[in-house]
Amino acid sequence: MLHFIDQRKRSDLNSNKNGTKTTRDILDFALADPEYAASIEELVDQMKTFFFAGHDTTAATISWALYFLHQNPTELEHLRKEHDAVFGAGTSPAEVARKFIEDPNIHIKLEFTLAVVREALRLEPPASLAKTAPKNYYVTTRSGATVHIPEGALIYTSGWMVHHNKQVWGEDADEFKPERFMHGNPIPWGYMPFGKRPRDCIGMNLAYLEVPCSFLCDLSRRKLPWHLLPVHSISSLQSNISEFCEEL
Ligand code: HEM
């Protein structure tokens, strides 16, 4: 990675001189910002965070949301209508990007789209919480038993189990219903796709921006060849999505 960043630093300077560079990614922005002026080691650490904490989680969220929308055509239609209402019918991805630059908070108007993302994250959270037990740590179970957790033990909380708990979400806990996150409905404490304090996810707002952006560029702007998605399992979904992307 060190070598890659060093190379990019040099090529960036050259292409800037020739004025040939037309696109910018996060590394370009970091290298170009005189106020940031990070050392190579710090840049490596930041890039690792984006790759390992931010990439797979966001990609899995997009995959699952596509899966649920494929299974629920009415919700897909609702999502497309919202995109048309906010961005205009048939707007190209380039135009969508321009509107985002003009109004960086425009995605807040996408109430249903955000509800779809939240619901996909509820049903299939891509990450969970792992914490180390402090000294004198006790957990009380639902049956009322008190269990002592040894200091230093790793405590893993399954977000998936909490997100499917009917006592928290109701009898329809296993169903895809984005509406539960709309109209100011209270979000139960048991919702934890980005973890819980004190060390919750620092990328949450970025993810809530990235996933709707990917929908805007694909779902509402293209007619998806859903026949390529005869989804029976997530593994077939993943290989079908790769096939679909190759076709585009
Ligand atoms: C849908 C996308 C994402 C999901 C579901 C997700 C989920 C999580 C979860 C469950 C945690 C653990 C929190 C805890 O232990 O309480 C976490 C931590 C973290 N996430 Fe994310 N994440 C996502 C995207 C991102 C992105 C885009 C970035 C950065 C670019 C990021 C950076 C981090 C970092 C640095 C931590 C550790 C925070 C700390 O320990 O202080 N995540 N994330």
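Worth a mention:
- Segment 27-45 residues that are within 18 Å of residue 3 (Cα to Cα), paired with ones that are among the aliphatic types (A, V, I, L, M) and exposed (fewer than 12 other Cβ atoms within 10 Å of the Cβ) (beta carbon under 8 Å, 6 or more apart): 40/2; 44/2
- Odd one out for residue 21, checked against (1) modelled with pLDDT of 90 or more; (2) in contact with an Asp or Glu (Cβ under 9 Å, 6 or more places away or on another chain): (1)
- Applying the criterion of being loosely packed, with under 13 Cβ neighbours inside 10 Å and not in a helix (DSSP H, G or I) to the residues of segment 93-118, the residue that is modelled with the lowest pLDDT is 104.
- Just one residue in the set 184, 195 is within 11 Å of the ligand (Cβ to nearest atom), at pLDDT below 95 and not hydroxyl-bearing (Ser, Thr, Tyr); that residue is 195.
- Residue 89 being surrounded by fewer than 15 Cβ atoms within 10 Å (Cβ to Cβ) and over 19 Å from the mean Cα position of the chain (by Cα): yes
- Residue within segment 41-60 that is of a type in the set (Val, Ile, Thr) and modelled with pLDDT under 75 present: no
- The single residue among 216, 206 that is under 16 Å from the mean Cα position of the chain (by Cα), modelled with pLDDT of 55 or more and closer than 30 Å to residue 157 by Cβ turns out to be 206.
The values are calculated or read from the model by the stated rules, or taken from the named source; none is laboratory data. Just so you know, these numbers come straight off a predicted model, no measurement behind them. Ideal geometry is used to build each Cβ from the backbone, glycine not excepted, and the neighbour counts take in all protein chains shown.
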